[in-house]
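In what follows, a structure is listed as structure tokens, so that the remarks can point back to it.
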Amino acid sequence: MKEWIEAMRLRTLPVSVAGVIAGTACAIHHHGFATLPFLICLLFAVLAQITSNFANEYYDFKNGLDRKGREGFRRGVTEGDIKPQSMKKATYLTLLAAICVGSTLVIWGGWWLLFVGLAVAIFALAYSTGPFPLSHNGLGEIAVIVFFGFVPVIFTQYVQTRYLYLDSVTVFTAAAIGLMAANVLIVNNYRDVSDDRNVGKKTSVVILGEKIMSGAYYTAGILAAIFLAMASSPLPFWVSAGWLTYFTFHTVLWGQLKTRSGAALNEVLKSTSLLLLCVSIYLLIIFATLKPDPAGEFFTFS
């Protein structure tokens with residue numbers, strides 16, 4: 001059981017939870033909250049991420065991209081604790097569970113929402129396998145911004161409000177959450193850069209180098225803080241203290257990213273993930289407490 005829990009990569013699961021919480025905050029901003037769709041979105045998001053984590057472990061092992069004693073979190077398949085076929089079965093069973101759970105959202109979002117769910121399912125696998133694995137070709141961070149930022153924020157809000165709001169609050173919140181989620185992946189790739197370089201795995205850090213990607217990490221945090229400030233512009237000015245606090249912690253983590261290497265970066269990864277979760281909870285609290293009127297919508301679909 002310990003090996004399977006490690007394979008789920010609990011330290012990174014706040015990334016999928018944060019997108020749903022932030023989307024719920026946006027739903028509350030638009031005077032909509034529905035408990036059951038929220039819980040279903042949460043379960044679907046977690047199952048989809050676990051699917052992606054399982055697939056990453058299985059297909060990286062299958063393709064010879066993992067080795068024993070790697071710098072990152074222990075991988076049960078590579079270390080011989082979990083049979084490869086067991087991990088493959090777990091990957092597709094978890095994916096099936098995610099599809100079954102996510103399909104129920106058509107009750108609130110309509111049948112067209114199945115296409116969104118299909119895209120999420122494809123991403124969960126395409127991140128590590130297929131003709132053009134995203135994580136092996138320097139596209140992991142972009143995919144994370146889309147599928148851990150824009151998709152969960154916009155569509156979690158949609159199934160709760162029954163309206164597809166694409167206003168400044170929603171778009172800027174989604175962008176901020178996506179950038180912070182991408183930072184979790186940057187730390188992950190930064191930690192594994194030596195292992196990845198040795199096996200020919202072309203992550204963004206391998207392609208662009210540690211210096212550029214450490215700068216990308218810091219820049220993403222700056223942009224995230226700006227987007228959060230813009231998303232909360234209808235709220236009182238004191239709310240910005242939350243984004244300044246986030247940026248302060250982000251700067252500290254950036255300093256640790258530059259001065260640590262290998263397994264020592266696991267704590268930076270964990271802290272970056274938890275910081276994202278804290279920001280999403282802060283969003284939920286301020287929107288639930290202050291309840292501003294929706295403003296600045298670009299357009300709305302019923």
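Only residues that are of a type in the set (A, V, I, L, M, F, W, C) and touching a residue at least 40 places away in the same chain (Cβ under 8 Å) were counted across region 84-96, and they come to 3. Put simply, of Ala98, Ala90 the only residue that is assigned to a helix (DSSP H, G or I), small (Gly, Ala, Ser), closer than 11 Å to Ala48 by Cα and open to solvent by less than 80 Å² (accessible area, probe 1.4 Å) is Ala98.
Would you confirm, using the coordinates I've provided, whether Ile107 is over 23 Å from the mean Cα position of the chain (by Cα), assigned to a helix (DSSP H, G or I) and not small (Gly, Ala, Ser)? It would help to see each step written out before you state the result.
Working: over 23 Å from the mean Cα position of the chain (by Cα): yes; assigned to a helix (DSSP H, G or I): yes; not small (Gly, Ala, Ser): yes.
Yes.
Specify which of the listed residues (Ile99, Ile40) is free of Cβ contacts under 8 Å to residues at least 40 places away in the same chain, closer than 17 Å to Pro152 by Cα and in contact with a Gly (Cβ under 8 Å, 6 or more places away or on another chain). Spell out the reasoning first.
Details: Ile40 fails: free of Cβ contacts under 8 Å to residues at least 40 places away in the same chain.
Answer to the check: Ile99.
From Ile186, Ile145, Ile154, which residue is in contact with a strand residue (DSSP E or B) (Cβ under 8 Å, 6 or more places away or on another chain), closer than 18 Å to Leu276 by Cα and surrounded by 18 or more Cβ atoms within 10 Å (Cβ to Cβ)?
Numbers: Ile186 fails: in contact with a strand residue (DSSP E or B) (Cβ under 8 Å, 6 or more places away or on another chain); Ile145 fails: in contact with a strand residue (DSSP E or B) (Cβ under 8 Å, 6 or more places away or on another chain).
Only one candidate passes the filter, namely Ile154.
For region 218-228, a residue qualifies if it is open to solvent by less than 40 Å² (accessible area, probe 1.4 Å) and either touching a Leu at 6+ places or on another chain (Cβ under 6 Å) or under 18 Å from Ala27 (Cα atoms) (or both), and the qualifying residues are Ala220, Ala224, Leu228.
Taking the criterion of being at pLDDT 95 or above and surrounded by fewer than 22 Cβ atoms within 10 Å (Cβ to Cβ), the only residue of region 157-171 that qualifies is Val171. Go through the residues of region 153-171 one by one and say whether even a single one is outside any loop (DSSP other than H, G, I, E, B) and either basic (Lys, Arg) or farther than 24 Å from Val20 by Cα (or both). Scanning region 153-171, I find no residue that is outside any loop (DSSP other than H, G, I, E, B) and either basic (Lys, Arg) or farther than 24 Å from Val20 by Cα (or both), so the answer is no.
Only residues that are open to solvent by 20 Å² or more (accessible area, probe 1.4 Å) and of a type outside the set (Val, Ile, Thr) were counted in region 15-36, giving 4.
Checked against (1) over 23 Å from Cys278 (Cα atoms); (2) open to solvent by less than 30 Å² (accessible area, probe 1.4 Å); (3) touching an Asp or Glu at 6+ places or on another chain (Cβ under 6 Å), Val206 meets all criteria but (2). State whether one or more residues within region 113-130 are of a type outside the set (S, T, N, Q), over 19 Å from Asn188 (Cβ atoms), touching a residue at least 40 places away in the same chain (Cβ under 8 Å) and open to solvent by 50 Å² or more (accessible area, probe 1.4 Å). No; the residues of region 113-130 include none that is of a type outside the set (S, T, N, Q), over 19 Å from Asn188 (Cβ atoms), touching a residue at least 40 places away in the same chain (Cβ under 8 Å) and open to solvent by 50 Å² or more (accessible area, probe 1.4 Å). Within region 241-275, restricting attention to residues that are open to solvent by 30 Å² or more (accessible area, probe 1.4 Å) and of a type in the set (Ser, Thr, Tyr), the residue that is nearest to Ala25 (Cα to Cα) is Thr245. Tell me whether region 75-86 contains one or more residues that are within 18 Å of the chain's Cα centre (by Cα), part of a helix (DSSP H, G or I) and modelled with pLDDT of 90 or more. Within region 75-86, not a single residue is within 18 Å of the chain's Cα centre (by Cα), part of a helix (DSSP H, G or I) and modelled with pLDDT of 90 or more.
Can you pull out every residue in region 225-239 that is outside any loop (DSSP other than H, G, I, E, B) and either of a type in the set (Gly, Ala, Ser) or out of contact with any Phe, Trp or Tyr (no Cβ under 6 Å at 6 or more places or on another chain) (or both)? Steps first, answer last, please.
Taking region 225-239 first, the residues outside any loop (DSSP other than H, G, I, E, B) are 225-231, 237-239.
Within region 225-239, Ala225, Ile226, Ala229, Ala231, Phe237, Trp238, Val239 qualify.
Could you list, in sequence order, all residues of region 37-87 that are hydroxyl-bearing (Ser, Thr, Tyr), open to solvent by less than 30 Å² (accessible area, probe 1.4 Å) and more than 24 Å from Gly262 (Cα to Cα)? The one that is hydroxyl-bearing (Ser, Thr, Tyr), open to solvent by less than 30 Å² (accessible area, probe 1.4 Å) and more than 24 Å from Gly262 (Cα to Cα): Thr51.
The values are calculated or read from the model by the stated rules, or taken from the named source; none is laboratory data. Computed from a predicted structure; not experimentally measured. Positions of Cβ are backbone-derived with ideal geometry, glycine not excepted, and every protein chain shown enters the neighbour counts. What goes into the accessible areas is simple: the full protein's heavy atoms, side chains included, and nothing from ligands, DNA or RNA. Shrake-Rupley method; radii C 1.70, N 1.55, O 1.52, S 1.80 Å.
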